[in-house]
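A quick write-up on the structure given underneath.
The values are calculated or read from the model by the stated rules, or taken from the named source; none is laboratory data. All values derive from a computational prediction rather than experimental measurement. Every residue, glycine among them, receives a Cβ derived from its backbone with ideal geometry; neighbour counts consider all protein chains shown. When the accessible area is computed, the model is the full protein with side chains, heavy atoms only, and any ligands, DNA or RNA have been set aside. Shrake-Rupley method; radii C 1.70, N 1.55, O 1.52, S 1.80 Å.
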Amino acid sequence: MGLPQCLTFHTLKMAAVPCSFIFRPLSKTSKLLLPRCNLHSYSQELPLLIRAFSSSAVRAVPTTTASDSGLKTQWKAAIDFKWIRDNKDAVAANIKNRKSTANLDLVLELYDKMLALQKEVEQLREERNAVANKMKGKLEPSERQMLIEEGKSLKERLASLEEDLARLTDELQQEAQCIPNMSHPDVPIGEEDSSVVRKMVGSQCEFGFLVKDHLELGKELDLFDFDAAAEVSGSKFYYLKNEAVLLEMALINWTLSEVTKRGFTPLTTPEIVRSSVVEKCGFQPRAENTQVYSIVGADQCLIGTAEIPLGGLHMDSILSESSLPLKYVAHSHCFRTEAGAAGASTRGLYRVHQFSKVEMFVLCRPEDSDAYLDELIGIEEELFASLGFHFKTLDMASTDLGAPAFRKFDVEAWMPGLGRYGEISSASNCTDYQSRRLGIRFRPSSGSLSPTTNQKKGKNTPTQFVHTLNATACAVPRMIICLLENYQQEDGSVIIPDPLRPFMGGLDRIRYKY
């Protein structure tokens with residue numbers, strides 16, 4: 001499950017860090033960028049989009065301002081401001097549909113100011129160079145002194161303008177990075193209840209006895225201890241005990257085994273990352289409801305999903321086309337503040353501060369990302385169906401998309417004890433939204449280039465940004481909820497599904513301890 005759109009850093013004292021999101025449209029090889037439109041209007045806009053997608057962009061590298069300017073060092077994302085300005089109506093509609101707080105008018109205003117200031121700086125540089133060239137010739141002392149004074153004045157003015165330009169560039173970057181990714185044209189517009197069911201698997205279990213929820217089952221079978229964890233760590237923490245520990249390990253090992261068979265490279269990841277990496281992955285670190293724990297006195301935080309360190313794995317690198325796709329499956333612990341999450345619907349293991357998760361992550365060519373999104377969804381559905389879950393796959397509505405997501409599918413499984421469907425997984429295609437922040441590009445092989453590609457002799461093949469995708473293979477606490485509540489028996493025991501038994505030493509049932 002990806003992190004929410006409004007993502008902020010949180011310490012034990014709720015420390016915050018600056019906002020950072022960027023927008024970048026899809027590559028020219030995709031047909032999925034525009035918001036809802038008819039085919040005629042789409043065909044009319046396609047040449048414009050191809051030009052926008054083909055335009056070169058600055059590599060995502062840090063920019064440093066003068067030490068006395070009062071500005072902090074700000075990483076720089078590859079944002080195509082011209083594309084945003086030329087397509088402001090589509091961008092504005094997308095911001096509205098997602099209920100984003102991004103300020104497009106301010107971004108465009110700052111961009112125009114930056115262009116004007118850049119022009120003024122360039123003119124002063126030309127004047128400075130002209131003065132320098134004049135001083136190379138034979139001059140009268142008085143004339144040379146006049147040029148020296150003029151050069152000094154130009155240098156001072158230029159230094160001041162360059163400082164203003166650096167400050168304005170940083171402000172523009174920070175505002176523009178709040179603009180969310182564009183949305184797939186088929187994304188339903190509206191709130192979460194506007195999401196469309198893509199697939200329904202199985203049916204609700206029928207019980208001939210009074211159904212218990214996972215909290216009651218866990219207490220009777222001695223599987224959890226929330227009370228002791230609350231004393232030790234606070235609310236929404238828990239101890240797993242006895243067979244629940246074996247069940248967690250079984251779920252992780254079974255998931256890794258199954259996904260690795262499908263060509264994914266297994267990893268464990270760091271669980272503390274730099275705050276800038278979280279920003280570059282497209283999560284918003286400034287909001288009232290915080291979701292990320294940051295470390296006081298350090299520019300680091302605890303991860304809320306393995307998507308973040310997986311995204312940073314190839315940061316600031318150029319990959320060969322032959323190495324793509326890169327497909328990873330990672331186990332990690334995840335930490336979320338879950339601020340504002342309370343009530344019966346989120347009780348027990350459903351929403352906690354710390355949990356184990358297995359995450360899939362793909363880096364691929366732009367033209368392949370739609371196919372890999374389908375592959376990731378297919379893997380999720382196969383895993384959950386093999387455990388006998390009843391679930392539905394949803395094409396999520398616009399307001400439920402995280403800022404990086406171009407399109408997102410959630411899987412919601414039936415939880416009979418809670419009496420509702422609960423999210424157990426999500427899969428997102430983030431296109432090149434994250435890679436433009438993280439600086440992850442690839443160099444196409446000569447055979448994959450169009451015959452019309454203009455390449456100068458001796459020049460390297462132009463690079464492109466990869467597309468990134470992520471999907472949850474196993475969020476352990478919610479999987480445990482589904483297993484306990486769906487496989488409970490009238491005698492109070494819980495059956496272990498066949499696929500997990502080899503990973504639990506052959507144990508087929510959880511029984512009362514007495």
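For Ala298, the conditions (1) closer than 30 Å to Ala77 by Cα; (2) surrounded by 15 or more Cβ atoms within 10 Å (Cβ to Cβ); (3) of a type in the set (A, V, I, L, M, F, W, C) are fulfilled apart from (2).
Considering only region 187-210, I want to know if a residue exists there that is exposed (fewer than 15 other Cβ atoms within 10 Å of the Cβ), under 32 Å from the mean Cα position of the chain (by Cα) and part of a loop (DSSP other than H, G, I, E, B). Yes, region 187-210 contains a residue that is exposed (fewer than 15 other Cβ atoms within 10 Å of the Cβ), under 32 Å from the mean Cα position of the chain (by Cα) and part of a loop (DSSP other than H, G, I, E, B).
Here is a yes/no grid of residues against (1) closer than 30 Å to Ile495 by Cα; (2) touching a helix residue (DSSP H, G or I) at 6+ places or on another chain (Cβ under 7 Å):
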| position | (1), (2) |
| --- | --- |
| Leu310 | no, no |
| Met315 | no, yes |
| Glu321 | no, yes |
| Ala330 | yes, yes |
| Phe355 | yes, yes |
| Leu387 | yes, yes |
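Could you tell me whether Leu168 is in contact (Cβ under 8 Å) with a residue 60 or more places away in the chain, within 30 Å of Asp112 (Cβ to Cβ) and aliphatic (A, V, I, L, M)? Here the answer is no, as Leu168 does not meet what is asked.
Taken over region 379-392, the criterion of being under 23 Å from Glu206 (Cβ atoms) and not acidic (Asp, Glu) is satisfied by Phe384, Ala385, Ser386, Leu387, Gly388, Phe389, His390, Phe391, Lys392. Counting residues in region 265-287 that are open to solvent by 30 Å² or more (accessible area, probe 1.4 Å), under 30 Å from Ser446 (Cα atoms), outside any strand (DSSP E or B) and not hydrophobic (A, V, I, L, M, F, W, C) gives zero.
Condition check ((1) touching a Lys or Arg at 6+ places or on another chain (Cβ under 8 Å); (2) not charged (D, E, K, R)) across all residues:
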| residue | (1), (2) |
| --- | --- |
| Glu248 | no, no |
| Asn253 | no, yes |
| Thr260 | no, yes |
| Gly263 | yes, yes |
| Pro266 | no, yes |
| Glu271 | no, no |
| Ser275 | no, yes |
| Val278 | no, yes |
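So that you can scan it fast, the table gives a plain yes or no per residue for (1) in contact (Cβ under 8 Å) with a residue 60 or more places away in the chain; (2) in contact with a Ser or Thr (Cβ under 9 Å, 6 or more places away or on another chain); (3) closer than 23 Å to Leu240 by Cβ:
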residue: Val296; (1), (2), (3): yes, yes, no
residue: Glu307; (1), (2), (3): yes, yes, no
residue: Ser332; (1), (2), (3): yes, yes, yes
residue: Tyr350; (1), (2), (3): yes, no, yes
residue: Val358; (1), (2), (3): yes, yes, yes
residue: Val362; (1), (2), (3): yes, yes, no
residue: Glu380; (1), (2), (3): yes, yes, no
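Annotation: Thr346 fulfils all but one of (1) without any contact (Cβ under 8 Å) to a residue 60 or more places away in the chain; (2) in contact with a helix residue (DSSP H, G or I) (Cβ under 7 Å, 6 or more places away or on another chain); (3) of a type in the set (Val, Ile, Thr); the unmet one is (2).
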